[in-house]
Every structure is written in structure tokens, then in C-alpha cells.
Amino acid sequence: MTEPLSRPKRKNPVMRTRRSVLPPWIRSRVALGMTAAAAEGRFELQVCADCGAVQYPPREACHRCLSERLPWREQSGSGELLSQTLLRHSHDVFYRERLPWRLGMVRLDAGPTLVVHLHGEVAPPPARVRVGARLDKAGMAVLVAFPEKDVPNMADDRQLREMTCDPKFRKVLVTDGKTAVGQALVRALAAAGADPIWVGHAEPWKKFPGLVELTQLPQVTLLPLDVTNGRSVKEIAAEIGAKVDILVNNVELHRTYGIGARYGTEVARAEMDINYFGLLRLAQEFGPVMRSRGADGQSSAVAWVNLLSIFALSNYPAHGTFSASKAAAYSLSQCLRAEMHPAGIRVVNVFPGPIDDEWNQQLPPPKLAPDALARAVVAALRDGVEDVYPGDVAQEWLARFRENPKVLERELASV
């Protein structure tokens, strides 16, 4: 059984912070198809559309019939471990700092033979395993073999934890604790083992529902944080920025209507000030110090979570200016992801469908419950994925967007 993870020791303030190093991350363009699937939690391989051959590693043509029609298809990952080795020496700096490292060779039931990272609970060969794709510290897809059945403390495996952002014993900042979503996130992170959890709330003189329940959680500390105020963000970053391992930016302003149904620009400006410029202020103050802590061992900064909206993919005219602000935040988060990459910090974008709150009151079901959204965020951190689409509406919207964005635009315009 995997040994339970112990709480990391406090860092010696006299010791310097080590510089971040990444595993080898250069991939061919065709190989990035596997990374794109792993970013959403799927294990996909190329399957020839002409002869049906499943192939690995990715290639430009089928290894059997030379066809160029090679769509990516999800795989079950079932297979047999053929051999294993324990790496004790490496010329690569990333692995040299993390030795020993367990590797193995697996033959998938689908055909290909793979070199994989081995979870600590995988039995010696021959053994049945299930292979999954994960993003490594460099944000590139790698293959990991797991035991066929889950075991206790599975997420505490040393090698697996290098590829995920499990909240257990991580120090977390949730930027808005006033909303039902924010409070659900705090409860879910606390249940996942995060400690401490700083919870921001603007206008601290207002007593918002759920305040008492939040303060009763031993992990929680409330902080006055207003993302529309650069000085407020700067002061909080100066106080806790060097300690935050996971930042969850869930603060947002959501109002209905689009362009013609509302006079003036005040509401749209307020949405942009919180949903877009709020993210920008947080990134400017917390981003540099989190990047500097990408190599602090178990105490490393590991993830930045942005609560966006499925409306960011294609504008929903009934919530038009809100959709525009989330689209702007989505674009900014892609820039943030690129800047966080050298430090190995995962930027997780969450695209929920309509949430069951007051601003989606008139929308018909299905709507996403705050607790379900919070569980999806914690699961994304545990699995180390980059993009999450919680809820039935988000999944359907995403499928239509990928099939034909222009058709989806026309459909939404006629709603």
C-alpha cells in the first residue's frame, strides 16, 4: 500500500529557493495530439481510419498501411506489464533530482507496446495494469501505468504527485468566499486536505451568508481582498504570496443582457474590471512569486485555477457582455499559462455551464450545482488536467463548438 503523505516540513528561510527545471518537453506537432487529450483527462492514441491499426508513438502515416488518415481515439488503457526497471542514474537534471524513478514496458490489449512511468502500487511483471495519460511538469503528455484497482492513498505516490496538483497539504488561496460557489470550493478543498486555506472577501464589513460556517473550518483564514483595487491585491500578495501553492480565482461579476437591452457601459465596465482586469491584477502580483517557487519540493507552487464560463467559447447573447468578459479572461489565461510554463505551474481553466444561482434563475435546467462544480475543480487538480467542462450543458456546448463553431453561433443567436 502507498505510504500516506506526511505534512511537509516548513522551509528553512535561510535556504535559497531552487530554480525550476522541467523534464524533456520537446514534442513533434503530431505528438501534441496526445497532449491535447491528456489536458482534458483522456488517453488517446492514433487509430488508422483505413486498416484500424492502433499505433504508438504518434506518426504522420500508419505503420501498417501508410495511410495518412489517423484520427485520435480514446483508449481503455488495459494491458500487461512486461518488464520494469528502477532508474538510479540520469543525465537529465529533472530526473537526477528525483531519483530513484520507476519505469516499465506495457503491451496494451489494443496492440502497441509502451514505455511508461510506473505507479508504486503496480506489482512486478507479469501484471495486469491500466495505462493513463497525464501531463508532466512541463505540461506534456506522458504515460503512467496504474494497478487495475485503486488502492488507499493512491494519489500520494511520489512519482504521481510530480505530475498532479493534489490539494493535500497544499496552501490555497480562494479569491472570493462570498458566493455559494466560493464556499463550496472552500469546503471541497478542505475535505481534500488543503491546509491552510485563505479566503478573500471584498467589502468585509458586509456579513454575507455562510460567513459563520466558513470561519468554523480550522483550515480557513478570511482576508479582505478586492480584485478591483490594485492596492488591496498588492497588500495580500505581500502578506501571503510567497506561501500560496494553489490560487483559485473564482471571483466574478455576472449580469444578464447584451448590448441593446441595457443603456450605457457601466455594467459592462464592472464585469471587465472584475472578470478580466481582476485576473490581470492577480497575475501581476502573485504570478512572479509563484513562478519563483516552482521547485520548492513538496512545498512548491503548483497550480493556478481560473473560473471561466462555457460562454467564453461562443457568445451567449442573453448574457452578452458577461460572455465577452469571460472570453477576454480566457485569452488572458492562455498568456498566463505560457508564462507559468517555465516554472512547471499548471494553469487550470474551468468552463462550467450555467450555475444554479440568481443570475441564471430564468434559464431552464439542467444547471450546475456549486458543490458539483467544486468537486470537478478538486478532481482536475488531483488528475493534473488543464481544461475542465463541468456539467451537461458545458459538455454539449463543447461538442457543438468543436463540430462547427459557426453553427453554434447561429443556434445561440436564435435562442
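Might you let me know whether region 204-213 holds any residue that is under 23 Å from the mean Cα position of the chain (by Cα) and either open to solvent by 30 Å² or more (accessible area, probe 1.4 Å) or within 17 Å of Val174 (Cα to Cα) (or both)?
As a first pass, look at region 204-213 and keep what is under 23 Å from the mean Cα position of the chain (by Cα): none.
No, the conditions are met nowhere in region 204-213.
Scanning region 165-198 for residues that are crowded, with 19+ Cβ neighbours inside 10 Å, of a type in the set (A, V, I, L, M) and part of a helix (DSSP H, G or I) gives Val181, Ala184, Leu185, Val186, Ala188, Leu189, Ala190.
Could you please find all residues in region 120-141 being in contact (Cβ under 8 Å) with a residue 60 or more places away in the chain and within 18 Å of Leu86 (Cβ to Cβ)? If you could, list the steps in order and put the result at the bottom.
Residues of region 120-141 in contact (Cβ under 8 Å) with a residue 60 or more places away in the chain: 120-121, 131-141.
Passing the criteria: Gly120, Glu121.
Residue pairs whose Cβ atoms lie under 6 Å apart, sitting 6 or more positions apart in sequence or on different chains, and linking a residue in region 259-270 that is under 17 Å from Ala318 (Cβ atoms) to a partner that is open to solvent by less than 80 Å² (accessible area, probe 1.4 Å) and assigned to a loop (DSSP other than H, G, I, E, B), are Val267/Arg255.
Which of the following residues is of a type in the set (A, V, I, L, M) and either in contact with a Gly (Cβ under 6 Å, 6 or more places away or on another chain) or more than 28 Å from Lys367 (Cβ to Cβ) (or both): Leu223, Leu211, Leu173? So that I can check it myself, show each step before the final result.
On the way: Leu211 fails: either in contact with a Gly (Cβ under 6 Å, 6 or more places away or on another chain) or more than 28 Å from Lys367 (Cβ to Cβ) (or both); Leu173 fails: either in contact with a Gly (Cβ under 6 Å, 6 or more places away or on another chain) or more than 28 Å from Lys367 (Cβ to Cβ) (or both).
Just a single option satisfies the conditions, and that option is Leu223.
The residue list Lys168, Lys149 contains one member that is over 22 Å from Ala36 (Cβ atoms) and more than 22 Å from the chain's Cα centre (by Cα), which is Lys149. Every listed requirement among (1) buried (at least 19 other Cβ atoms within 10 Å of the Cβ); (2) out of contact with any Asp or Glu (no Cβ under 6 Å at 6 or more places or on another chain); (3) under 19 Å from Pro167 (Cβ atoms) is met by Ala379 save one, (1). Checked against (1) in contact with a Lys or Arg (Cβ under 7 Å, 6 or more places away or on another chain); (2) open to solvent by 40 Å² or more (accessible area, probe 1.4 Å), Asn360 passes all but condition (2). Consider region 238-255 and keep the residues that are assigned to a helix (DSSP H, G or I) and in contact with a Leu (Cβ under 8 Å, 6 or more places away or on another chain). The one that is farthest from Leu185 (Cα to Cα) is Glu239. Tyr95 meets the conditions (1) touching a residue at least 40 places away in the same chain (Cβ under 8 Å); (2) of a type in the set (Phe, Trp, Tyr); (3) within 29 Å of Phe351 (Cα to Cα) in every case but one. The failed one is (3).
Residue-wise test of (1) surrounded by fewer than 18 Cβ atoms within 10 Å (Cβ to Cβ); (2) not β-branched (Val, Ile, Thr).
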| residue | (1), (2) |
| --- | --- |
| Ala261 | yes, yes |
| Glu271 | no, yes |
| Gly278 | no, yes |
| Arg281 | no, yes |
| Met290 | no, yes |
| Ala301 | no, yes |
| Leu307 | no, yes |
| His319 | no, yes |
| Val350 | no, no |
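The set of residues from region 121-137 being open to solvent by 20 Å² or more (accessible area, probe 1.4 Å), more than 18 Å from the chain's Cα centre (by Cα) and either basic (Lys, Arg) or under 28 Å from Pro342 (Cα atoms) (or both) comprises Arg128, Arg130.
Sub-7 Å Cβ pairs linking a first residue in region 360-381 that is more than 13 Å from Ala192 (Cβ to Cβ) to a second residue that is surrounded by fewer than 16 Cβ atoms within 10 Å (Cβ to Cβ), at least 6 apart or interchain, are Pro366/Asp392, ordered by first then second residue. Across region 312-346, the number of residues qualifying as closer than 21 Å to Ala376 by Cα and in contact with an Asp or Glu (Cβ under 7 Å, 6 or more places away or on another chain) comes to 1.
Here's the yes/no breakdown for (1) under 30 Å from Pro390 (Cα atoms); (2) of a type in the set (Ser, Thr, Tyr); (3) surrounded by fewer than 18 Cβ atoms within 10 Å (Cβ to Cβ); (4) modelled with pLDDT of 95 or more:
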| residue | (1), (2), (3), (4) |
| --- | --- |
| Arg27 | yes, no, yes, no |
| Ala38 | yes, no, no, yes |
| Leu45 | yes, no, no, yes |
| Gln55 | no, no, no, yes |
| Cys62 | no, no, no, yes |
| Gly77 | yes, no, no, yes |
| His91 | no, no, yes, no |
| Val116 | yes, no, no, yes |
| Gly139 | yes, no, no, no |
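The values are calculated or read from the model by the stated rules, or taken from the named source; none is laboratory data. The shown structure was predicted, so the numbers you read here are calculated from the model rather than taken from an experiment. FYI the Cβ positions are ideal-geometry reconstructions off the backbone, even for glycines, and counts take in every protein chain you see. When the accessible area is computed, the model is the full protein with side chains, heavy atoms only, and any ligands, DNA or RNA have been set aside. Shrake-Rupley method; radii C 1.70, N 1.55, O 1.52, S 1.80 Å.
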